[in-house]
Amino acid sequence: MKQTLVILSSVFALLASCLSATAQDGAMELQAFQQAAGDRSVLFRGKAAEPYTVQAEGHPYWYGDNYLPGDIVIEDRLYQGLPILIDACAHRALVQLSSGIFSVSLSPAEVQSIRLDGKHFAGSLLQEGLPEGFYEVIGDGPEQVWKRVDKFLTTVNETTRIYQYYSTRLSWYFRDAEGGFTRIRDRAGLLRQFPPERRRFIRQEIKRMKADRSDIPFETWCQAALQAAAL
């Protein structure tokens, strides 16, 4: 896949000089940014991100509620160093505009990949055999594990109070060398995706790497298994 590096720093500078940093200017900022970026920016054709106004414990995002600098690929175009946040409730990628008061919301179907905080994320389409959403890609080889995080606003009604919090559900999928996906739930489920000879070798390598302990997180164990599978 050929990626075209799109430099938007001049557009950010233009907006910083002509837009005020007040909340009511958000819609104007989005319109001005799209006009300034023009055909160079597929990214900023996205819609405005809806803010969360409910008071709840936790947050609706993947790993934290702060925007981090990352790289995003859309229609083979690479945008570097943009403030990005992944919404695990709505499964949208949020890209913050220059003033910091407004964000653009992108669907998984629009995003090919995101590099954020040392992690690799991919957007999925329904025809790929996965529920539409964003997935963290574990492993660099032809065989991978794709991790999905879903968050839900949950209400608890106790005798003395009613409160809300964001609950989390994790899902895991094995991607084979041909690009097919199979849902897995545990270590045995991942090992079953390999033929017996490779399965035995992977077990031996995991043991050699001292990654076979029961207290090893599943994600870390998957990384070790995929590393062994690539040998």
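Assorted remarks:
- Within the straight-line cut-off of under 24 Å between alpha carbons, the lysines reachable from LYS47 are LYS151, sequence neighbours fewer than 8 places apart in one chain being disregarded.
- Sparsely packed GluC sites (Glu not before Pro) within region 49-132, loop by DSSP, other Cβ within 10 Å at most 15: GLU75, GLU132
- Global geometry of region 187-231, whether rounded, prolate or oblate, following the gyration tensor of its Cα atoms and the 1.5 cut on a/c: prolate
None of the figures in this text is laboratory data; all of them are computed from the coordinates on show. Note that this is a predicted model, so its numbers are computed, not measured. Reconstructed Cβ throughout: ideal geometry from the backbone, glycine too, with neighbour counts over all protein chains shown.
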